[in-house]
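Structure first, then comments.
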Amino acid sequence: MNTLIIISVLPLVLLYLGLYKAQKALLPVTIIGLLLALGCAISQWNDNAVPIYHGMMLFDNFSIMFSGITIVSTILIIFLSRGYFERISNHIAEYYAIILFSLAGIIVMVSFHNLTMLFIGIEIMSVSLYILAGIKKSDFASNEAALKYFLMGAFSTGFLLFGIALIYGSSGSFNLEAISSWVLDHPHVKDITPMFYTGVLLIIVGLCFKVGAAPFHFWTPDVYEGSPTLITAFMSTVVKTAGFAAFLRLFSACFAPLSAFWVPVLLVITVITLFIGNITALYQHSFKRMLAFSSISHAGYLLFAIVALGASSGSSVAVYATAYSIASIIAFGALILVQQQSGSDNFESFNGLSKKNPFLALVVTIAMLSLAGIPLTAGFIGKFFMFSTALKQYQVWLVVLAVVNAIISIFYYFRVIVAMYFRDAERAELTIPVYYKFVLGLSALITILIGVYPDVISKFF
């Protein structure tokens, strides 16, 4: 609970610093505050947690694990924000504060023990993201992204809220333990009311909207492309990780006995998500838009852990989310630098990058290899965990389709590698700030370390 308190109070501190024009203190105070929150979370590991506040929240190992992943990812993204928000406005304290308010909602999402807290966490996160997507006030694409995210978010929230209401109407409770007990007390299909099944389906639709799974993905490419690149990085990593953690927590705690009903639905969604994400990414000319469709395909891989629900699902999502987040942060960080020089996010903007900026080309290459799932990278270990989870539940054909999609993804991830190393262009050397070198270098090192020594991460999960 201390983690949530720190992350909730920290934005208020930043707003006061902004009020008194202490602009230089914003970044270090944010980083220190997030490190303190991370330390408080880690200190509760194996603490025999029990639900608190009348069963509303549960800060167990699952919550700590995903809180840690989202906080670390946020720290890396915040490091990249130095000088970024200053180009948009003179009032930068608000941007840091809104990011942290969104993170507070995310901590609630991964720690809920009551469906009302799930809804509150999603709304705190979503409202903050509506604002962040449109912070470039004079940019039409940014304004359009904010409006589209607001409308589609409200639409998906309606499905989620109606589904929660039907679950409550059937079971008589919002508490996860009470809902689970009600399901176990009705072991036969005929004992479960149609209203409960409808509620489960509506919750699936609502959560698939939030994580960008097909066919509910249509908001994702435009919102990711129109939003400021740093905010897109936050949405595609921290927000997606939180969405899948909440998805997994709810279904493993309440709906596992009914898997014969909802697994076929998620199987169809998973296959559609994989093919739509990967095939559409092949035809993109924008690196940023390619990453948007790539995030859709990765949502398909993450759905494996829920489709093949089991004891290892939590660790599989954690490892995959860690690998995906680190590689994506590298990709978006490099894109910010390239955009600042060329003013474009097309693949051609990376032409000849290896000759002028070999370090940047190297870390982007590592990120692309990891996203493609090439061996000796963290992305390969993440896919290995997911495929192993699916094979334990005898989902062999699903793994075969996933491997086919992984092969497809190699083509579009390697486009940027080919552009950097095998295509020439007249370009000046990019100036890479020290803090960018730190984040990109550290992230690349972690990606290789996890790929070569997977026990480094697997033993923690």
Sorted by chain and then number, the residues having a modelled amide H within less than 5 Å of the amide H of ILE374, at least 5 places away or on another chain, are PHE380
Cut-off of 10 Å, at most 12 other beta carbons, DSSP loop: longest stretch of the chain lacking such trypsin sites (Lys or Arg not before Pro): 138-458
Per-residue HN-Hα couplings for segment 300-312 [Karplus 6.51, -1.76, 1.60; θ = phi - 60°; Hz; x = Gly/Pro]: x, 5, 5, 5, 3, 5, 8, 4, 9, 4, x, 5, 8
What share of Cα pairs, in percent, lie more than 19 angstrom apart in segment 20-140? 53 percent
When all C-alpha to C-alpha distances in the chain are sorted into bins of 10 Å, what percent of pairs does each bin hold, rounded to whole numbers? 4, 21, 33, 27, 11, 3, 0, 0
For the chain, find the longest principal axis of its Cα atoms and tell me its angle to the long axis of helix 194-211, 0 to 90°, nearest 10. 10 degrees
Relative contact order computed over segment 135-292 (Cα-Cα under 8 Å; 6+ residues apart), in percent: 29 percent
Links exceeding 30 Å between C-alpha atoms in this model, out of LYS21/LYS356; LYS288/LYS355; LYS24/LYS437, come to LYS21/LYS356
Once the dipole of the chain is set up from charges on Cβ (+1 Lys and Arg, -1 Asp and Glu), the residue from the list ILE42, ILE306, THR232 lying farthest towards its positive end is THR232
Calculate how steeply helix 434-452 sits against the longest principal axis of the alpha-carbon atoms of the chain, using the helix alpha-carbon long axis, and give the answer as 0 to 90 degrees to the nearest 10. 50 degrees
Here FRET efficiency (C-beta to C-beta, ALA22 to GLN341, R₀ 30 Å, nearest 0.05) is 0.45
How high is the relative contact order of the chain, in percent, counting Cα pairs under 8 Å that sit 6 or more residues apart? 14 percent
Segment 11-57: which chymotrypsin sites (Phe, Trp or Tyr not before Pro) are DSSP loop and have at most 10 other beta-carbon atoms within 10 angstrom? TYR20
If R₀ is 25 angstrom, what is the calculated FRET efficiency for the pair LYS356 and VAL403, using the beta carbon separation as r and rounding to 0.05? 0.10
Hey, what's segment 2-460 come to in accessible area per residue, 1.4 Å probe, Å²? 38 Å²
Loop sites in segment 362-417: chymotrypsin sites (Phe, Trp or Tyr not before Pro), DSSP, at most 16 other Cβ within 10 Å: TYR394
Dipole magnitude (debye, nearest 20) for the chain, charges at Cβ of Lys, Arg, Asp, Glu: 680 debye
With x for Gly and Pro, the residue-by-residue ³J(HN,Hα) of segment 33-50, computed from phi through the Karplus equation 6.51 cos²θ - 1.76 cosθ + 1.60 at θ = phi - 60° and given in whole Hz, is x, 5, 5, 5, 4, 5, x, 5, 5, 5, 5, 8, 4, 6, 9, 6, 5, 10
Simple label model, 7 Å out from Cα along Cβ direction - SER312 to MET1, nm: 3.6 nm
Scan the chain and hand back the longest stretch that contains none of the GluC sites (Glu not before Pro) lying in DSSP loops with at most 14 other Cβ atoms within 10 Å. 1-425
The alpha-carbon center of segment 278-334 and that of segment 377-444 are separated, in whole Å, by 9 Å
Three-way shape call for segment 357-417 based on the alpha-carbon gyration tensor, with the a/c threshold at 1.5: oblate
For segment 322-411, what is the relative contact order in percent, using Cα pairs closer than 8 Å and at least 6 residues apart in sequence? 25 percent
Per DSSP helix of 4 or more residues, -39500 (n - 2.57); summed, then divided by the residues of the chain. What does that give at 222 nm, rounded to the nearest 500? -24500 deg cm²/dmol
Under the 7 Å Cα-to-Cβ spin-label approximation, GLU177 and LYS392 lie apart by a distance in nanometres of 2.5 nm
Multiply the residue gap between LEU35 and PHE422 by 0.36 nm, knock off their C-alpha separation, and tell me the result in nm, one decimal place. 135.2 nm
Once neighbouring chains are kept in place and the probe is 1.4 Å, which whole percent of the accessible area of the chain is contributed by carbon and sulfur? 68 percent
Can you compute the modelled spin-label distance between THR193 and ASN143, with each label point 7 Å from Cα toward Cβ, in nm? 4.7 nm
Quick one: what are the phi-derived ³J(HN,Hα) couplings along segment 143-151, Karplus 6.51/-1.76/1.60 with θ = phi - 60°, whole Hz, x for glycine and proline? 5, 5, 4, 5, 5, 5, 5, 5, 5
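The values are calculated or read from the model by the stated rules, or taken from the named source; none is laboratory data. Since the model is a prediction, treat every value here as computed from it, not as a measurement. Positions of Cβ are generated from backbone atoms using ideal geometry, with glycine treated the same way; all protein chains shown enter the neighbour counts. With ligands, DNA and RNA removed, areas are computed over all heavy atoms of the protein, side chains included. Shrake-Rupley method; radii C 1.70, N 1.55, O 1.52, S 1.80 Å.
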